[in-house]
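Heads up: the structure comes next, in structure tokens.
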Amino acid sequence: MTGGSRGIGGAISTLLAEDGATVAVLGLPEDRMRAQSLAASLNGAASRLHFYETDVSVFDRCREAVDAVLKEHGRIDFLVNNAGITRDRTVRKMTVEEWEAVLRVNLSGPFFMIKAVLDTMLEQGYGRIVNISSVVGEAGNFGQANYAAAKAGLIGLTKTVALEVAKRGITVNAVAPGFIDTDMTRAMPTAAIETAIEQTPGQRLGKPEEVAKLVRFLLDDNSGYITGAVYNINGGWYM
Ligand code: NAP
């Protein structure tokens, strides 16, 4: 689980740990404290949440973190590629650095993590991979060329890996949330948040816990015939 100490990732880690799963949260060094307090807040499930330092934008760091998880726990049944960043600006103003930073975390990161876990899942003959894409990857969004391109690319990556491993007990799916009430959305100007709510037929922001429940469904043993799919969860913003 990448970036699993706050926002959507925090909700997924919480739900899975409360369900009895051992959850490895792979995050940046500054995430450690947050992951520890998240673990402490989980009644009876604290010992199931473990933090491993990584930066998903660097392949070697992904590899090292996955090796550390395997050394401690022996197997990896699921991977949730959740870590993501935004660097919003119109294309005319967007710098090459802003373009590359977003592509590196939001698209190369999931590729690095999938590469790092895939041999283990193939040996196990079992795996569940869920990539957190975005409605923006399907519909585009003003000022988010880098983010939309990365999230659209993630859908292509999802479908391709799904095809490549379908015979081997591994499913690969994407979840495409609309506007969810997290720090990422709160960083938007208030007027933009209000517009997003107005444009959402459901007339509200989504809750991280709602996304977490959908991810849990896709990670379930019984979801083995669902692969290469993109699940929208956006209050009707994009259909
Ligand atoms: P968030 O609250 O900003 O959390 C993002 C997480 O990613 C944080 O834990 C962050 O770590 C981690 N992260 C960032 N860069 C990283 C890196 N290089 N290596 C490892 N971890 C890194 O965002 P969120 O709203 O929960 O979003 C979670 C995912 O859902 C993202 O992929 C986002 O694009 C997607 N999504 C969100 C929305 C929405 O409306 N919120 C909608 C559609 C899709 P730090 O805490 O250390 O910064």
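Just for the range 17-38: of the residues that are more than 14 Å from the ligand (Cβ to nearest atom) and either out of contact with any strand residue (DSSP E or B) (no Cβ under 9 Å at 6 or more places or on another chain) or open to solvent by 10 Å² or more (accessible area, probe 1.4 Å) (or both), which one is farthest from Asp77 (Cα to Cα)?
Selected residue: Glu18.
Among the residues of the range 117-125, is any open to solvent by 30 Å² or more (accessible area, probe 1.4 Å), assigned to a helix (DSSP H, G or I), in contact with an Asp or Glu (Cβ under 8 Å, 6 or more places away or on another chain) and free of Cβ contacts under 8 Å to residues at least 60 places away in the same chain?
yes
Report yes if some residue within the range 214-226 is near the ligand (Cβ under 10 Å from one of its atoms), in a loop (DSSP other than H, G, I, E, B), open to solvent by 10 Å² or more (accessible area, probe 1.4 Å) and of a type in the set (Ser, Thr, Tyr); otherwise report no.
The answer is no; no qualifying residue exists.
Out of the range 47-66, which residues are of a type in the set (Asp, Glu) and open to solvent by 50 Å² or more (accessible area, probe 1.4 Å)?
If the condition is that a residue be of a type in the set (Asp, Glu) and open to solvent by 50 Å² or more (accessible area, probe 1.4 Å), then Glu53, Asp60, Glu64 are the ones that fit.
In the range 227-239, is there at least one residue being under 17 Å from the mean Cα position of the chain (by Cα), buried (at least 16 other Cβ atoms within 10 Å of the Cβ), in a helix (DSSP H, G or I) and not β-branched (Val, Ile, Thr)?
Within the range 227-239, none of the residues are under 17 Å from the mean Cα position of the chain (by Cα), buried (at least 16 other Cβ atoms within 10 Å of the Cβ), in a helix (DSSP H, G or I) and not β-branched (Val, Ile, Thr).
In the range 137-185, which residues are in a loop (DSSP other than H, G, I, E, B) and buried (at least 23 other Cβ atoms within 10 Å of the Cβ)?
Listed by number, the residues that qualify are Gly178, Phe179.
Considering only residues that are of a type in the set (Ser, Thr, Tyr) and away from the ligand (no atom under 13 Å from the Cβ), which ones fall in the range 109-157?
Within the range 109-157, Thr120, Tyr126 qualify.
Of the residues Ile8, Ile12, only one is within 14 Å of the ligand (Cβ to nearest atom) and open to solvent by less than 10 Å² (accessible area, probe 1.4 Å); which?
None of the others qualify; the one that does is Ile12.
Take the residues in the range 67-87 that are surrounded by 15 or more Cβ atoms within 10 Å (Cβ to Cβ) and more than 13 Å from the ligand (Cβ to nearest atom), then tell me which one is nearest to Gln144 (Cα to Cα).
Leu79
Restricting to the range 126-136, name every residue that is out of contact with any Lys or Arg (no Cβ under 6 Å at 6 or more places or on another chain) and either open to solvent by less than 20 Å² (accessible area, probe 1.4 Å) or in a helix (DSSP H, G or I) (or both).
Matches in the range 126-136: Gly127, Arg128, Ile129, Val130, Asn131, Ile132, Val135.
If I filter the range 91-108 down to residues being of a type in the set (A, V, I, L, M, F, W, C) and open to solvent by less than 90 Å² (accessible area, probe 1.4 Å), which single residue comes out as nearest to the ligand (Cβ to nearest atom)?
Val105
Strands (runs of 3 or more DSSP E) wholly in the range 2-93 with at least 1 residues that are under 23 Å from Thr158 (Cβ atoms) - which ones?
The qualifying strands (runs of 3 or more DSSP E) are 23-27, 78-81.
The values are calculated or read from the model by the stated rules, or taken from the named source; none is laboratory data. These numbers come from a predicted model, not from an experiment. Positions of Cβ are generated from backbone atoms using ideal geometry, with glycine treated the same way; all protein chains shown enter the neighbour counts. All accessible areas refer to the heavy atoms of the entire protein, side chains included, with ligands and DNA or RNA removed. Shrake-Rupley method; radii C 1.70, N 1.55, O 1.52, S 1.80 Å.
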